[in-house]
Structures are given as structure tokens and as C-alpha cells.
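Presented below is the structure to which this report refers.
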Amino acid sequence: MAYVAVKGGERAIRNAHAWLAEERRGDPSVPDLGLDQIRQQLGRAVDRAMGEGSLYDPELAALAIKQAQGDLIEAAFLLRAFRTTLPRFAHSRAVDTARMRAARRISAIFKDLPGGQILGPTYDYTHRLLDFELAEDTLPPDAPRAAPDPSPMPRVPDILGREGLLEPDGATDAEPGDLTRDPLRFPAGRDVRLQALARGDEGFLLAMGYSTQRGYGGSHPFAGEVRMGEVSVEIEPPELGFAIDIGDLTVTECQMVNQFKGSKTQPPQFTRGYGLVFGFSERKAMSMALVDRAMRAEELGEDVTAPAQNVEFVLYHSDNIEATGFVEHLKLPHYVDFQSELQNVRRLREAVERREAAE
Amino acid sequence: MNDTVSASVPPVARKNWMSVLARAPASAIEDGLTRHAPLPAWTVVRGPETGLVMVRGRAGGSGSPFNLGEMTVTRCTVRLESGAAGHAYIAGRDERRAELAAVADALLQDPAQRASLQEALIVPLAEMQRAERQDRAEKAAATRVDFFAMRTMRS
């Protein structure tokens, strides 16, 4: 692809950015939006920017959302750009979601599960009617409280796995691949696929997950468990020689359980898809789990026929920062490319006209 | 940068106060330290500097590890006049917080000060954090579903 350097737009660009800044601020008689307001009151937007920006920092995400005027892909882009300015200190120990301090935990397959079904602050069961009271500055009543159940909250696969009807996790401690350091290569292992999905575009994953439900690579999913809450993050700094706890993250996890007829090497059992994302983002965690399972088709000896089962297709198109870069680059000057295309079409047309005249 | 002073400190106790300090605001750490004694003199050996930690998860929850995404972390190492070194790694980008936490870590390693500093700084912070967690746990518990079997009413 050839781009030609174009000079002369500097003044227009400067003025465009000045106008953008003014538009972003809006009417100065309206109070400026504080980052704490975005963090507190637009939490799901913050979660999405952090997830797709692949950087957990709610304050920075709030700033990115403000700067991007609420354009969440632009906000994620800003976070990705910011992270490149920082050194990597360490990687964490794997977060232990069985010890999550769950604000929400539900299972669609196991009614009386140990630890109970906890709805948490959910939109489920709301009537999706606009609440005009929110247009006023109203304070909601305090949420009710009850005595917490101190018993542990095991993950559903850990409960159901005991009978052997559910595929086990099969842990190895191999060093996982890292897309921030090495470019995507195929065949891509499940570690790299999960990283790509965790930072993938929610809309893309939702559509891909939905397509598996509609028959494009159907895998008969059940929501084994969805849980959301805080997990502690631990690192082992070399200068200390032991693991320390550096703070908490809110994450959402989804365990999808799928029918499986069995293969030559495996008995009939339920297989699983996994979703884990930053913040409270149930739709994305569920979509991720559906797509993770779909991409395991080849490993499980299933026919690879549908888009969601096609690992290359999914992974090459799940990243909205890359996608927006390539789609939006079409706006940049292609004057020379287009000139040559124009000459081409003119030549072809002349050839056709000459032939028609000759006949 | 391995320090010899910490060799006498049980790692469990140190891990505990570091995890409490990692969740405390800078002002609360400073208040706790000054409640104990005037702030000591210290030199900054490293940082405070902000960087990234790659957070890992496990496939299926307990399977092979994968890289979930990064988080911002600020670290700092200080040395007191006594020679004691303190370290802090704290989620987020608050440099003052990391520096004060490192100072607290250095002071807490001194057996002569540990008990009173635990009392003035760590115990109240831990209690505050426990109360916050309890508050969320109670709200979650109120949303727990109590299923009851529907009985068919036949007489």
C-alpha cells in the first residue's frame, strides 16, 4: 500500500482539535464531569474500557472515557497506548476465583449449590422501563442487609466434577503465551486464545457466541456458573522471596457446561468453556465462554464448520483496537492508489468500448 | 536488594501487614504512622515508580495459566537510618501511598516498635477493610435466593 505524504493540513488539524476540546467540554455553564463521577456512576463503561484496554486501573479508565467523550473503543485505545509507556514489574500468581468475595453467583444447572445463589446488583428481573426518577437528583434507599453465610463457595465444576461426568481442568504449569510480547501465531494454544478473548471486543464476542447458539457450531451450552466479585492479586517480588498481596480486582467468571457425545479417546461427558474478564461484565464473560468452547472443536474431534469454531477467524477479528485501526485507516489519503485505480478503470472501459465498436 | 533485617520477621506477619497497607489510602497510612511516633527520616532506594503487573487466571478456574490482562502497580523501596529496608508494591498509581507503605514496612520489621505500630496503624486499617468487606457481604447475602417447593393444592 502506498501512502503519499501530504503537507498543508496543519492549521486545519490544530483547529479541529481545538474545536474537539471545546465540544468535549460542552456548555461551560454545565458542571464539568469528575473522574470520580465516571468511576462511581458509569461503572460498566469503566469495566468495558479496562477489559478491552487490557489494563486494570479504574481511575485511568475514567479519564480515558472522559477524553474519548464516552467512545469506549477510543477509551480502550487510549489505555492500550498508555500501557506501552510503563515497565512490566512482574506477573501475578493466577487469581483464585474459588476464593472470590462474590457479590454475585448464580448457576442455571444446580439449584441448591453450596454457598447458595446470590443475585447481587443485577439488571436481571428488572422490567427495562425507563426510570424517570433518575432524571432528578434522588438518593435511593439503603440496600437491605442479611447475615452472610460463612461457608465456602466452591466453583460448580469442582462440585460436579467429582462424578467424572464433567471434563476436568487438567492443569499444567507451562508458562503461558503473551500477546503483549509475541505476535499472534497459529496454531494458537488455549492460553493465548483466552488472553485474546479476555481483551476482545464485547460486541464481536457476543455475536460469535450468539451464532453458536443459533446453530453455527452448536454446542448446547448451559450456564454452569456465573460469579462476580473481588479477588486478591499476589506477586512474588524477587527481592522479597515470598508472595505478597498487592490489592484487589473485580472480575466476572463464567463456567459454561456443554453437551459432548464423546470421541475415540474420551468417554461421553460434559465439556466446558471458560470466561474471565475484568470488572462486572457478565455478557462478555458468557460470550467468551461460548466462543472458548467453540474454538475447542478441533481438540475435541468435532467438525470445524462454523465461524466461531475457526480459531484464526475469531482471533484475527476479536481485537477492536486492531479492527478500528484498519477500518478507519481508509480515511487517510489514498490519493495515489486511487489515481492508479482510476486510470485502470478508464483503460478497461476504453477496451470494452473499442471491442463493442468493432463488433 | 535482599535485606537482612527482615530475616527475623515471620513472613506471615509481614505478608499480613503488607496486604493491609496495599489497600489503605495514603492519608490513613500517614495518620497511623504519626499516631505511633513522628515520621522517621528515610532515603528512597528505588522509586516510587509505576509499572505493570500481568494478572494471570487459569483456564476453567483451576487449569493451565493464561494472561488475563495487566494492572497498574506502584512500587517503592526505602531505607531508614537504622539500616532497615522497607518495600511496597501497591495496585494503582499513587506514589505517596507506596512510599509511606514502604516506610511502614521498614518500621514494622523493628521488633522494638512492631507491637505498638501494629496497634496504631495496622489494626485500625485492617478493621476498616474488614468492615467494608462485611458491608458488601451483607448486601450480597440479602440477595440470596431461598427456593421453596411449590406444592400442588389438592384436597
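Values quoted throughout were computed directly from the atomic coordinates according to the rules given, and no laboratory measurement underlies them. All values reported here derive from a predicted model rather than from experimental measurement. Note that we place each Cβ from the backbone using ideal geometry, even for glycine, and neighbour counts take in every protein chain shown.
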Report summary line: Stokes-Einstein D for segment A:240-359 (10 °C, 1.306 mPa s, Kirkwood Rh from Cα pairs), in µm²/s, comes to 80 µm²/s
Query raised in the report: Which Rg and Dmax, in Å, describe the Cα atoms of segment A:121-279?
Result: 20.3, 63
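How much FRET efficiency would the formula 1/(1 + (r/R0)^6) give for A:H220 and A:V327, where r is the Cβ-Cβ distance and R0 is 30 Å, rounded to 0.05? Before the final figure, lay out the partial values.
On the way: r = 34 Å, r/R0 = 1.14.
The value I calculate is 0.30.
Which value, in debye to the nearest 20, gives the size of the charge dipole of chain B about its Cα centre, when Lys and Arg are +1 and Asp and Glu are -1 at the Cβ?
Working: 20 positive and 17 negative charges, 181 e Å.
The calculation lands at about 880 debye.
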Report summary line: Per the C-alpha gyration tensor (a ≥ b ≥ c, the square roots of its eigenvalues), segment A:166-218 is rounded if a/c is under 1.5, else prolate if a/b beats b/c, else oblate; here it's oblate
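Tell me, which longest segment in chain B has none of the chymotrypsin sites (Phe, Trp or Tyr not before Pro) that fall in DSSP loops with at most 14 further Cβ atoms within 10 Å? If you can, show how the numbers build up before the last one.
Working: sites that count: B:F147, B:F148.
After excluding every exposed loop site, the longest remaining stretch is B:1-146.
Tell me the Kirkwood radius of the protein assembly as shown: reciprocal of the mean inverse pair distance over distinct alpha-carbon atoms, in Å.
Values: mean 1/r = 0.0382 Å⁻¹.
About 26.1 Å, per the Kirkwood formula over Cα pairs.
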Report summary line: With the charge dipole of chain A built from beta-carbon charges (+1 for Lys and Arg, -1 for Asp and Glu) about the Cα centre, the Cα from A:S151, A:G51, A:G217 projecting farthest to the positive end belongs to A:G217
Query raised in the report: When only DSSP loop residues count, what chymotrypsin sites (Phe, Trp or Tyr not before Pro) in segment A:93-197 have their Cβ near at most 10 other Cβ atoms within 10 Å?
Result: A:Y123, A:Y125
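I'd like the Kirkwood hydrodynamic radius of segment A:1-140, using the inverse of the mean 1/r over distinct C-alpha pairs, in Å. Present the calculation step by step, with values, prior to reporting the outcome.
On the way: mean 1/r = 0.0513 Å⁻¹.
It works out to 19.5 Å.
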Requested in this report: Pull up the cross-link candidates among the lysines for A:K331, meaning alpha carbon to alpha carbon under 19 Å and not fewer than 8 places away within one chain.
Outcome: A:K7
Query raised in the report: Using a ≥ b ≥ c from the Cα gyration tensor of chain B (square roots of the eigenvalues), is it rounded, prolate or oblate, where a/c under 1.5 gives rounded and otherwise the larger of a/b and b/c decides, a/b for prolate?
Result: prolate
Query - Binned Cα-Cα distances of segment A:10-83, short to long, each 10 Å bin given as a whole percent - result: 21, 44, 28, 6
